[in-house]
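The values are calculated or read from the model by the stated rules, or taken from the named source; none is laboratory data. Here the structure is a predicted model, which is why all the values come from computation and not from measurement. We place every Cβ from the backbone using ideal geometry, glycine too, and count neighbours over all the protein chains shown.
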Amino acid sequence: MLQIINISQARSNLSALVQQVARTKKPVVIVQDSIPSVVLYPYTDTIDQSTYAEKLLTITGNWISLKEQKQIKAEVENRLKKNDEKLSS
């Protein structure tokens, strides 16, 4: 599962986050205002950014609808809440 964190958590833990991504080779999505903003991934990763961005923004060749944007936002907020709960415990 893709790890999603908010920008405040990323700012506070950037060094540890960079080490984690380098060690695990798993990307981390950083969100701002519950909207995905950037993806932190290992330098050695060969993700084609234009294709990756296109996959995030399109579904079956069409730009995502407002309804789908709301669903994505709700999922991001849900994952952030779960991450916060894990950090708290």
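Worth a mention:
- Helices (runs of 4 or more DSSP H) contained in the chain and holding at least 2 residues modelled with pLDDT under 70 and loosely packed, with under 14 Cβ neighbours inside 10 Å: 49-57, 66-88
- Close Cβ contacts (under 7 Å, 6 or more residues apart or on different chains) running from residues in the range 8-24 that are touching a residue at least 40 places away in the same chain (Cβ under 8 Å) to residues that are of a type in the set (Ser, Thr, Tyr) and exposed (fewer than 12 other Cβ atoms within 10 Å of the Cβ) are absent.
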